[in-house]
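Worksheet: the structure to be examined is printed underneath.
Any read-out appearing in this document is the output of simple, stated calculations on the displayed coordinates, not a laboratory observation. Computed from a predicted model, the values in this text were never measured in an experiment. Here the Cβ is made from the backbone with ideal geometry for all residues, glycine too, and neighbour counts use every protein chain on show.
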Amino acid sequence: MVELKIEDLHIFYDDFHAVRGINLTVNDGEILTLLGPSGCGKTTILRSIAGFITPRKGRILLGEKDITHVPARLRDSGMIFQNYALWPHMTIEENVTYGLKMRKVPKEERHRKAMAILSQVQLEGQADKTPGQLSGGQQQRVALARALVIEPTILLCDEPLSNLDFQLRVELRTEIRHLTKKLGVTTVYVTHDQSEALAISDTIAVINAGLIEQVGTPLEVFNDPDTLFVANFVGENNQIEGQVTKLEKGLVEVKTEGGDTLTYTNLQDPFMEDTAEEGDRKSAPKLAVGDKVSIVTRYDKIFLDEKATENVLTGTIRNLAYMGTMVQVVLNLNDGSKFTVNVSENLNKVMGMGLGSTVKIHLPESACFLFKDNLRVR
Amino acid sequence: MKRYMHKFMQDPLSWTIIPIITLFFTVFLILPLSFTMYAAFVHNGELNLSAFGTIFNTKKFWDPFPEINDSNFYIQVIAPGDGITTIRIRGLDYGIFLNTIIIGIATTLVSLTLGLTTAFFMARLEFRGKTILSGLLLIPLVIPPFVSGIGYNALLGPSGLLNERFFIPVFGIRLLFQGIVAIVIVQSLHYFTLIYLNIYSSLMNNDPSLEEAAENMGADRLTVARSVTLPLAMPGIASGSILVLILAMEDLGTPIIFANSGDTVAAKTITFYIMQNFFLGENTSEINQITAILGAFLLLFALIGFYAIRKYVSLKQYSMVSKGRSGKFRTVKLGKIGHVLIYVYFTVLLLVSTIPHWGVIIISSTKPQVWPLEFSSENYNKLFDFENGFGQFIYNTIVYSFTATVLIVILATLAGYVANRKKFWGQTLFDTLVTIPIAIPGVVLGIGYFRMFGNSEGFSIGDLFFTLNPIVAPSVLLVISYTIRKFPFTVRAVYAGLQQTDEVLEESAINLGASKSRVLWEIIIPLIIMNIIGGALVSLVYNMSEVSTTLILVSDTSNGTITWKMAQETGKIAELAAMGVFLMVLQVISLLVTNVLLKNRADAISGI
Ligand SMILES: Nc1ncnc2c1ncn2[C@@H]1O[C@H](COP(=O)(O)OP(=O)(O)O)[C@@H](O)[C@H]1O
Ligand SMILES: [Mg+2]
């Protein structure tokens, strides 16, 4: 039915260029998440879709219709605000039926619809209460019901769960996904929480400083980051700096600042001409001997392994933290930098290792992402 | 007693302050008011209710269906042969009792209309010059009660400049507002600002996303305003309106000026009647029973109003459901035509509401009866002349108001701290005690003082503490009365400061071993010093222009204040005007400083 398309969106606050040219497509019925650190422009993008901000340049299309300059009240979007924005002087039912009233839905039908949606969000008995009498999680559900009851063409959520505690967040994000999928409503979801984004989205757009870093499925974004920023923002990582010391067919050798040597044989032929089109996110930078590179590894993809011989770093144990299913080991590398490994096997043995003891860390080739500047070397 | 000692040992500071303040307010607020109430029911030592009957049977007091005749009309047009048509707009005389109520309601409605419109424009429209306007809008507030009547008369009175130099020569019309209508006009021009400030701060303190949510649901601007903005601003709207209702009914300054310039209908208000008739003779502190009854009614209205504000506002003060507010309000950016319209609105509003200001400035600084206007500093020269001018009165005013303000600062800081930070039995009562004086009619408190401390044949407290006897030496009682009456302004400012100060700061100091008084002195006061200064300035300004109790308590020249002198000499309009300008300048300076200190906490200025 409807597909949301954003073309070359530029938004300014006075002279401040907050959104700097964004292109996005949200397919019909899809949940797309804008993921990024605080202040990167997520809310700004969302508010421009809702119609609260007019972009200086670019277009917003809903289906075939250009809505860039349509007033907010006519956009037929349902928005969930970060602070819920429930009207404290109205009952829950009045809150929920407000949008229906604006759409001139007859009274009985309003009531029926409100009751139906309230039961969907498990708030049957609460219709006559006021928002002040509900808990945070319940208020959040009312906000969801209020936005969905009008059967909006598009659902907009601005960090709807950020004011709730962890348990509720997990519970509600499942519920939101379930409900929006059931209703088939196209959704733009904003969050700065990567695990929330991974769990709730069909597609994730990672935003940094007003620009898109990467668009992809949760799997792609997590396992195949295009940029150093994405790799670091999604998942828990160590980042090591190094320099290319050797470049041969099928081999890249990097010397880390700590003096260890890491070799990679699974990268594209570094001498090959760059055939990718410009702007293609798969386009990889070419390497040369002497280039500075960053290597990023996930905490849980690397191992403490005394027998390892290749791609090994040495570190001194500084802290051991038992986390139930794993032990988090914090080490210092040769150059003093901090390094973390999550160990999930032989926990007793790991906990038995003394602080200050020296261990070998194995970095399998497949566990490392290489970046030159911000771009991935593939 | 044992329990008190126990509590005292735990927290000596609070348990010294609470009894002292309670005692002070009991003796100088509750008791005097009780004396007035007593005088309303008891005459010559016996219960006497016939005076109530007198009030409601006498047309002078109660005349719900007044006859319309030559001196009692809404509009009268007289067109004698000389070509000047006189249009008199007056309003009927419903008797002293009903007049007061009608004036109160009418002033409130006019002020509400102007205040609400202005607040909406200022809070939700975006146009150039808004910052300057927000300052200019404080000007109408800055005019002492007497002075506004004088200034108004100077321009719109029977021989006012606007009539003499504009309406008559240009239109051949003499336009006169008299009676109730005149009072309502003069009051509204002043009080609409109070309502505006209250509503404005309500509108600005709403959560912007609440309006956005409505817009997102498909509501247009008008629907958003009606269904979300207005209901949420109700606390401000209600408290501002009720405050104005109370103040308008209690106003003495405006009726005095009109009455003394010969307007008999304007003289028929409760406060003016009390002021003129309470005194029965040199050697008694008995007061005229009718005045006591009228005072009791006035007090009753005020108390109901105060209670309503507290009840209503606390009911509707939506504890912010949402966590934190987000963003700014979506304002309507005005285009060219919008700008023109908004400037027209504000120009008219400001021109009309500053008529009293122009009036006093012109009349005080020009030669009388000379056209075109010619500057003269004569009136100002007389101001500081000790022998014949206002010197003595300025001196008295400054001594009284500064002494009172110092007392207020000390007591209100302590009281505000205790009422805000300590949980104790009777806390609500304590809080009411220190904030309610703003609603108490000055004349009622004044006659209460008079009855309680004045001479009497029998026993009088004034005989024991002769310095408290207003007939012998009014100064001490006057300072106390100022302290009590203008206490709420500073207390409110202190509250505002404390609300913005996290209690954790105090707790951490106590945790480290500091005593309560150390915490107050070293942590609290430095944090809220701006609020204290701001509140004190407001109290000072109002002290300097206090009318009601001053007029009742002071009976001789040597103790008179500026306002007292002004009430005595309503004939010397030009000199009074110069005095008024002097007072206004002091007020403007104080308010500007306060505004900077208190920033957006304008509700401290209105004090409720
Ligand atoms: N009303 C505003 N005026 C000026 N700058 C703003 C305004 N709103 C947001 N910004 C700035 O724009 C940037 C993006 O803000 P926002 O979209 O709220 O970020 P996010 O939602 O990703 O945290 C931030 O740097 C913020 O400071
Ligand atoms: Mg945001």
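With the charge dipole of the protein assembly as shown set up from +1 on Lys and Arg Cβ and -1 on Asp and Glu Cβ about the Cα centre, the Cα lying farthest toward the positive end among the listed residues B:F390, B:N277, B:L591 is that of B:N277. Compared with the rule-of-thumb size 2.2 N^0.38 Å for a compact globular protein, the protein assembly as shown has a Cα radius of gyration ratio of 1.24.
Here, region A:2-231 is characterised by an Rg to Rh ratio of 0.97, where Rg is the alpha-carbon radius of gyration and Rh the Kirkwood radius.
Among complete DSSP H helices in chain B, those whose alpha-carbon atoms stretch at least 27 Å along the helix's long axis and whose mean Kyte-Doolittle hydropathy reaches 1.0 are B:95-124, B:179-205, B:230-250, B:289-316, B:391-421, B:525-544, B:573-598. Using a cutoff of 8 angstrom between alpha carbon atoms and counting only pairs six or more residues apart, the relative contact order for chain B works out to 20 percent. Based on C-alpha pairs under 8 angstrom that are at least 6 apart in sequence, region A:2-231 has a relative contact order of 28 percent. Listing A:S77, B:S517 from fewest to most neighbouring C-beta atoms within 10 Å gives B:S517, A:S77.
Taking the Cα centre of chain A as origin and assigning +1 to Lys and Arg Cβ atoms and -1 to Asp and Glu Cβ atoms, the resulting dipole is close to 1120 debye.
Note the angle between two axes, namely the Cα long axis of helix A:166-183 and the longest principal axis of the Cα atoms of chain A, as a number of degrees from 0 to 90, rounded to the nearest 10. Orientation of helix A:166-183: about 60 degrees from the principal axis. Annotation for region A:1-74: trypsin sites (Lys or Arg not before Pro) lying in DSSP loop with at most 14 further Cβ atoms inside 10 Å of their Cβ are A:R56. Taking GluC sites (Glu not before Pro) that fall in a DSSP loop and have at most 13 other Cβ atoms within 10 Å as cut points, what is the longest piece of chain B between them? Within chain B, the longest run free of exposed GluC sites (Glu not before Pro) spans B:68-281.
Report the normalised scattering of region A:25-112 as log10 I(q)/I(0) at q = 0.18 Å⁻¹, calculated by the Debye formula with identical scatterers on the alpha carbons. Computed log10 I(q)/I(0) values: -1.02. Note on chain B: semi-axes of the ellipsoid equivalent to its C-alpha gyration tensor, largest first and rounded to whole Å, are 38, 34, 24. Aspartates and glutamates near A:K255 by alpha-carbon distance under 14 Å, same-chain residues fewer than 8 away left out - which ones? Correct list for A:K255: A:E241, A:D291, A:E310, A:D335. Relative intensity of region B:138-188 on a log10 scale, I(q)/I(0) at q = 0.15, 0.24, 0.28 Å⁻¹, equals -0.43, -0.89, -1.03, per a Debye sum over C-alpha point scatterers of equal strength in the absence of solvent. Listed here are the pairs B:K268/B:K572; A:K113/A:K181; B:K60/B:K572; A:K107/A:K182; B:K423/B:K486; which of them are more than 28 Å apart at the Cα? Exceeds cut-off: B:K60/B:K572. Converting the Cα gyration tensor eigenvalues of region A:237-376 into ellipsoid dimensions via √(5λ) gives semi-axes, longest first, of 31, 15, 12 Å. Ordering B:W358, A:W87, B:W425 from the fewest to the most neighbouring beta carbons within 10 Å gives B:W425, B:W358, A:W87. For trypsin sites (Lys or Arg not before Pro), the sites in region B:102-143 that DSSP calls loop and that have at most 12 other Cβ atoms within 10 Å are B:R128. Axis of helix A:136-148 versus longest Cα principal axis of chain A: the two differ by about 70°, to the nearest ten degrees. Between B:L109 and B:A79, the simple spin-label model (points 7 angstrom out along Cα→Cβ) gives 3.0 nm.
Each Lys or Arg adds one and each Asp or Glu subtracts one; over the other residues with Cβ under 9 Å from the Cβ of B:I438, this totals +3. Basic side chains Lys and Arg get +1 at the Cβ, acidic Asp and Glu get -1 at the Cβ, and with that the dipole of region A:237-376 about its Cα centre reaches some 500 debye.
Normalising the average separation of contacting C-alpha pairs (under 8 angstrom, six or more residues apart) by the number of residues puts the relative contact order of region A:237-376 at 27 percent. Fewest neighbouring Cβ atoms within 10 Å first, the residues A:L363, B:L383, B:L527 line up as B:L527, B:L383, A:L363.
Charge dipole (Cα centre; +1 on Lys/Arg Cβ, -1 on Asp/Glu Cβ; no other charges) of chain B amounts to roughly 1760 debye.
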